[in-house]
Amino acid sequence: MDVNVLLFDDFETLDAFGPVEILGCVADYHLRYVSKSGGLISSKQGFKIETEKIASEDLSGILLIPGGSGTRTLVNDELFIEFLRKLVLNSQYCLTVCTGSALLAKTGLLDTKKATSNKKAFAWVKSVNNDVKWVEKARWVVDGNYYTSSGVSAGMDMVLGFIRDQLGVKTAMQISDYIEYIWNDDPDFDPFANTLH
C-alpha cells in the first residue's frame, strides 16, 4: 500500500518524519514524498526534500498530512484546499498530525466528525471549521478512515495506533521496541490538554 506523505513549505519536520520512521518499518507500505507542484520542499527547520508532483488520480492508500507553520497560509489557499480535498477523497485513509487537521477541516470532509489537533494551536484550528466535533482532550482521534493527532510527537503515537488497528498490537509493539520508543498507546491520555489556548 502506498503511503503518500504530503509536504509543503514550512511543514514541521517531526510531524512528517516521526510517522515516516514508523510506517517505513512495515514491509508492505511504500513511502512516497509528494507535493502539489513537485520539486524541493523545505521544512520549518530547514530540512529539504525532493518531492513528486501528485494528482488525485495518482493517489490511493494512506495520505499523511503533517502540520507546521505552513498550514497558517495554506488554510486560506482555495486552490490548495480543493486539491487536498480530491487527494483525501481518493485515499483509503487520511492521517493528520498537529495542525494538519486544520487543512483537512477546511476541505469540509471532517464536518460532523470527531478530530483533534495541537493543543497550543487549538483555538486557531477550531476557528477554521466549527462544524467539526473537536475533541479537546485526546492524544489522537479516530473517526472512520480519518485519524487526527495532537501536537508533533503525538503523530508517532497515532501512527502506531493506526498500525495496531490495521496489523495488530503485536506488530505495533514490535515497531515501538525496534525504534526504542515508549508508545503512549491510549488515545485518550493527553497530558498536554491543559495547555489549551
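We did not get these values from a lab; they are worked out from the coordinates using the rules stated. On a predicted model such as this, the values are computed, not experimentally measured, just so you know. Backbone-built Cβ (ideal geometry, glycine too); neighbour counts: all protein chains shown.
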Task: Per-residue ³J(HN,Hα) for region 63-78, Karplus 6.51 cos²θ - 1.76 cosθ + 1.60, θ = phi - 60°, Hz, x for Gly and Pro - done: 10, 10, 10, x, x, x, 5, x, 5, 5, 7, 5, 4, 9, 8, 4
Open item on the list: Quick check on packing: order 25-35, 58-68 by the mean number of other C-beta atoms within 10 Å, highest mean leading.
Closed with: 58-68, 25-35
Task: Debye, to nearest 20: dipole size of region 70-183, +1 on Lys, Arg Cβ, -1 on Asp, Glu Cβ - done: 240
TODO: Evaluate the distance, in nm, between pseudo-label points positioned 7 Å from the Cα of Lys137 and of Glu78 along their respective Cα→Cβ axes.
DONE: 4.1
Open item on the list: Would any residue of region 1-19 have its amide N under 16 Å from a label point 7 Å out along Cα→Cβ of Gln92? List them or say none.
Closed with: 1-5
Task: Computed lengthening from Asp9 to Cys25, 0.36 nm per intervening residue step minus Cα-Cα distance - done: 3.2 nm
Open item on the list: Which order do the peptides 175-183, 97-105 come out in when sorted by mean C-beta neighbours inside 10 angstrom, highest first?
Closed with: 97-105, 175-183
Task: Electrostatic dipole magnitude of region 130-197 [Cβ: Lys, Arg +1; Asp, Glu -1; Cα centre; debye, to 20] - done: 60
Task: Reported label for calculated P(r) over Cα pairs in 10 Å bins from 0, in percent given [x] 8, 30, 32, 21, 9, 1; [y] 8, 36, 40, 15, 1; [z] 10, 40, 38, 11, 0 - done: [z]
- [ ] Mind giving me the nanometre distance, one decimal, between the label points for Lys44 and Tyr178, set 7 Å out from Cα along Cα→Cβ?
- [x] 2.9
Open item on the list: Given R₀ = 30 Å, what would the calculated FRET efficiency be for Lys120 paired with Asp185, taking r from the Cβ atoms and rounding to 0.05?
Closed with: 0.85
- [ ] Classify region 28-95 as rounded, prolate or oblate, taking a ≥ b ≥ c as the square roots of the eigenvalues of its Cα gyration tensor: rounded when a/c is under 1.5, otherwise prolate if a/b is larger than b/c and oblate if not.
- [x] oblate
TODO: Enumerate the calculated ³J(HN,Hα) couplings along region 127-143 in order (Karplus 6.51 cos²θ - 1.76 cosθ + 1.60, θ = phi - 60°), each rounded to whole Hz, writing x wherever the residue is Gly or Pro.
DONE: 5, 5, 7, 7, 8, 8, 8, 5, 9, 6, 10, 6, 6, 7, 10, 10, 9
